[in-house]
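> Have a look at the structure that comes next, please.
Every number here is computed from the coordinates shown, using simple stated rules; none is lab data. None of these values were measured; they are calculated from a predicted model. Every residue, glycine among them, receives a Cβ derived from its backbone with ideal geometry; neighbour counts consider all protein chains shown.
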Amino acid sequence: MATYQRPRPPAPAAAPEQRDGEELPDGTRRVVIEAVRPQVDGGRFAVKRVVGEAVEVHADVFADGHDELGAVVRHRTELETVWTEVPMEPLGNDAWRATFAAGGPGRHLFHVEGWVDELATWRTRTAKKVAAAQDVEVELVSGALLVDAAAERARAAKAKADAEALKEVAAVLRSGDTAPVTSDDAELIGLLARHPDRTRSTSSDPVTIAVDAERARFSAWYELFPRSWSPVPGAHGTLRDVRDRLPYLAELGFDVLYLPPIHPIGTSFRKGRNNALVAEPDDVGSPWAIGSPEGGHTAVHPQLGTVDDVRDLVGAARALGIEVALDFAIQCSPDHPWVTEHPEWFRMRPDGTIQYAENPPKKYQDIYPLDFDSVDWQGLWAALLGVVTFWIDQGVRTFRVDNPHTKSFAFWEWLIGEVKWENPDVVFLSEAFTRPKVMHRLAKLGFTQSYTYFAWRTAKWELTEYFTELTRGPGVEYLRPSVWPNTPDILTEQLQHGGRAAFVTRFVLAATLSASYGIYGPAFELGEHVPREPGSEEYLDSEKYQIRVWDLDRPDSLRDLVARVNRIRRTHPALQSDRSLRFHHVDNDQLLCYSKRTADFADVVLCVVNLDPHWQQAGWVHLDLEELGVAHDGLVEVRDLLTGAQYLWSGPANYVELDPAVQSVHVFEVRAVTPLDRPPA
């Protein structure tokens, strides 16, 4: 019968063997760095911040055994070679954190570096022996040697004062004095920690940060059609007419003026009023049918003016604190010069004609889309980059991009990267009302802001769920929402049937839920609400196809409310970012309550909105007082920034009543009469 024999382990090799072509890891680098945040898709895409905005870095940093560790976040611009370091603080359970402020516009890098801190480890272990009354003579000598080494590192770093102070500490240890071990003096502890041995440190992979100008996070957009802004009713307006009306926009408090395409408009298959297939001789056509014998994407429609007028408008607007945004629509009229110069950039049908644009069942016979599968795709890409850089050269720094989701993802990543390499402050707004994953991909690829589904989110649960996702979900690191209650293409059912109160509530929601928002005016402030036909979101007599006459001084205009809310936004930093948005419970599904605050509670804004445009609604608001910086069951003073009314609320539960015939919204400034007795998290 065979006997069982215990298997013997193989004899140890003298050194680990190296497989062909494989580099052995450095076995002395014991620190592990995991779960570095923020980052997007494992570092594939950039995290986004604006100038001066906090970058709070978290990471798990640990090693085998029980040694003390040190860790820093190192950051710099993409073009620099010198890193700036910020010490990380341990949070427990091997989690670490550090915060630094984003620098100027452009691409920045950061990574986490961690190491075993031999000096701190020695001090911790020796302190335990001292506390246990054990002999530490040898330990003190070992510590002196470690402190000597730290002094040499300080000297190499040209920190002469630290080097001398460390030598004194080493001498104290050699004398047998345990004071450097047991002392809780912060200055001494800092001295011992400042010059660790990092020769065997571990570094995480670098994370890219795309830093944008402030208007990338906080902006108020106003869209208008220049041809409708002539002082002579019915006459074709010009860019100079818009320049003359800039004080109106400044009075309303907008900081971005967005113009639909200002280029020559084609005549072939021109659409008539209300999108009629046959145009009348005096019909002006759709601005999105770009191109005629007068030029294409780098030309100005002759009735609007010239390229010089664009430069003049940009300069005059900037003097008032307003940036001009141009529409970048990648499509052509059949009359565009590219159609004859570069037919290979368009998709041909079997009958030899060019495929016009469609979004079934919609047809756009007056527009040819560009073909990103063209055999000359590189030439097409270069031409489109040339369009953007041409307008940048005229002073334009902001672009609203039409339907980017129907163009190549690779193209957008390349184009935005090329533009921002030379012009890091340029803003691109993505107008992509499409599937969520596509919208998010475009934001990851570099779009500065993104349109949202806000126009169609009307119920309390929808708004709460959607804006919680936008402000607290993973997309918060790269997708900046731009919220619009209307556009030339979107006249929602609520605006069609909700009356003036619907315009008020949707405006206040847009301007306070999101740090960036926009309206299509003057249709919005004048309450334009009649659809082309029942069930349609198209405006009757849409400005997309004809010149409109707007009476900006109508007594029923919302201009005063718009101006007041924009002033509130500018004077209250709480409304200038999105991450602090929190919803508070109300026992009425027609009342929505939410707040925003600065990190230090210096500014807190609380909004209560009646979502019912027809009937009075009332209910009890149950506040999360800690989110407002108020002690539990404390007193809070709220002042309505729209009316000036003041209330003193006690505890979390307070009664609110809003009648849309009188006032459908509260925008409260909050002051904690009984503040939290601890610093904010």
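> What's the local net charge at residue 375, with K and R +1, D and E -1, over the other residues with C-beta under 13 Å away?
-3
> Mind listing P(r) for region 150-234? All alpha-carbon pairs, 5 Å bins, whole percents.
The calculated distribution, bin by bin, is 3, 10, 12, 11, 9, 6, 6, 6, 6, 4, 4, 3, 3, 4, 4, 3, 2, 1, 1, 0.
> Provide the convex hull volume over Cα atoms per residue for region 593-658, in Å³.
Residue-normalised Cα hull volume stands at 89 Å³.
> In addition: With charges only on Cβ, +1 for K and R and -1 for D and E, what is the dipole size of the chain about its Cα centre, in debye, rounded to 20?
The dipole of the chain has a size of about 240 debye.
> Also, quick follow-up: Quick one: net charge of residue 336's neighbours, Cβ under 12 Å, K/R +1, D/E -1?
Here the charged neighbours net out to -4.
> Rounded to the nearest 10 degrees, what's the angle between the helix 499-513 long axis and the longest principal axis of the chain, both from Cα atoms, 0 to 90?
30
> Still on this model: Which whole-Hz ³J(HN,Hα) couplings does region 529-537 yield from phi under the Karplus relation 6.51 cos²θ - 1.76 cosθ + 1.60, θ = phi - 60°, glycine and proline marked x?
9, 8, x, 4, 7, x, x, 9, 9
> Pick out, from 116, 504, 289, the residue whose Cα sits farthest towards the positive end of the charge dipole of the chain, with +1 on the Cβ of Lys and Arg and -1 on the Cβ of Asp and Glu.
Of the candidates, 116 comes out farthest on the positive side.
> If amide hydrogens are placed 1.01 Å from N in the peptide plane, which non-local residues have theirs closer than 5 Å to the one on residue 532?
Hits under the 5 Å cutoff: 538, 539, 540.
> Would you tally the net charge around residue 355, using a Cβ to Cβ cut-off of less than 9 Å, leaving residue 355 out, and scoring K and R as +1, D and E as -1?
0
> Note the angle between two axes, namely the Cα long axis of helix 460-472 and the longest principal axis of the Cα atoms of the chain, as a number of degrees from 0 to 90, rounded to the nearest 10.
Roughly 50 degrees, rounded to the nearest 10.
> List the equivalent ellipsoid semi-axes of region 231-318 in whole Å, largest first, each obtained as the square root of 5λ for an eigenvalue λ of the Cα gyration tensor.
Ellipsoid half-lengths, sorted descending, are 26, 16, 11 Å.
> I need the P(r) histogram for region 532-643: all alpha carbon pairs, bin width 10 Å from 0 out to the longest distance, whole percents.
11, 29, 29, 20, 9, 2
> Report, to one decimal in Å, the Kirkwood hydrodynamic radius for the chain based on all distinct Cα pairs.
Hydrodynamic radius (Kirkwood, Cα pairs) of the chain is 29.3 Å.
> From zero up to wherever the largest Cα-Cα distance of region 38-155 sits, split into 10 Å bins and tell me the percent of pairs in each.
12, 32, 28, 17, 9, 2
> At q = 0.21, 0.22 Å⁻¹, work out log10 I(q)/I(0) for region 173-302 with the Debye formula, treating every Cα as an identical point scatterer and leaving solvent out; two decimals please.
Rounded to two decimals, the profile gives -1.26, -1.30.
> Calculate, for residue 355 and residue 423, the FRET efficiency according to 1/(1 + (r/R0)^6) with r their C-beta to C-beta distance and R0 30 Å; round to the nearest 0.05.
Efficiency for this residue pair is about 0.35.
> Per DSSP H run of at least 4 residues, take -39500 (n - 2.57); add these up for the chain, divide by its residues and hand me the 222 nm value, nearest 500 deg cm²/dmol.
Estimated from H runs of four or more residues: -8000 deg cm²/dmol.
> Here is a follow-up. Would you mind checking the tilt of helix 137-156 against the longest principal axis of the Cα atoms of the chain, expressed as 0 to 90 degrees and rounded to 10?
The angle comes out near 40 degrees.
> Take the Cβ-Cβ distance between residue 308 and residue 579 as r, set R0 to 35 Å, and report the resulting FRET efficiency rounded to the nearest 0.05.
0.25
> Would you work out the Kirkwood radius for region 371-518? I mean one over the mean of 1/r across all pairs of different Cα atoms, in Å.
The Cα-based Kirkwood calculation yields 16.7 Å.
> Assuming 0.692 mPa s and 37 °C, estimate D for region 433-505 with Stokes-Einstein, Rh taken as the Kirkwood radius over Cα pairs, in µm²/s.
246
> OK, next. Restricting to Cα pairs below 8 Å that are 6+ residues apart, what does the relative contact order work out to for the chain? Please round to a whole percent.
Relative CO of the chain lands at 10 percent.
> What Rg and what Dmax come out for region 268-397 when only alpha-carbon atoms are used, in angstroms?
Over region 268-397's Cα set, Rg and Dmax evaluate to 16.3, 53 Å.
> Then there is this: Check which residues have an amide H placed less than 5 Å from residue 262's amide H, if you skip close sequence neighbours.
Under 5 Å from the amide H of residue 262 lie the amide H atoms of 327, each far enough along the sequence or on another chain.
> Send over the semi-axes of region 81-232's equivalent ellipsoid, whole angstrom and largest first, taken as the square roots of 5 times the C-alpha gyration tensor eigenvalues.
52, 16, 14
> If you don't mind, another one. When ranked by the protection proxy of mean other Cβ atoms within 10 Å per residue, highest first, what sequence do the peptides 352-359, 35-42 form?
Those peptides, ordered most packed to least, come out 35-42, 352-359.
> Restricting to Cα pairs below 8 Å that are 6+ residues apart, what does the relative contact order work out to for region 371-484? Please round to a whole percent.
Result for region 371-484 is 22 percent.
> Shifting gears a bit: Roughly speaking, what is the stretch gain from residue 622 to residue 91, that is 0.36 nm per residue apart minus the C-alpha to C-alpha distance, in nm to one decimal?
Computed gain between residue 622 and residue 91 is 188.0 nm.
> With the contact rule set at Cα under 8 Å and sequence spacing of 6 or more, what percent relative contact order holds for region 480-575?
Dividing the mean separation by the residue count of region 480-575 yields 34 percent.
> Report, for the chain, the % of DSSP beta bridges that are antiparallel, rounded to 5.
Taking every DSSP beta bridge with both residues in the chain, the antiparallel ones total about 75 percent.
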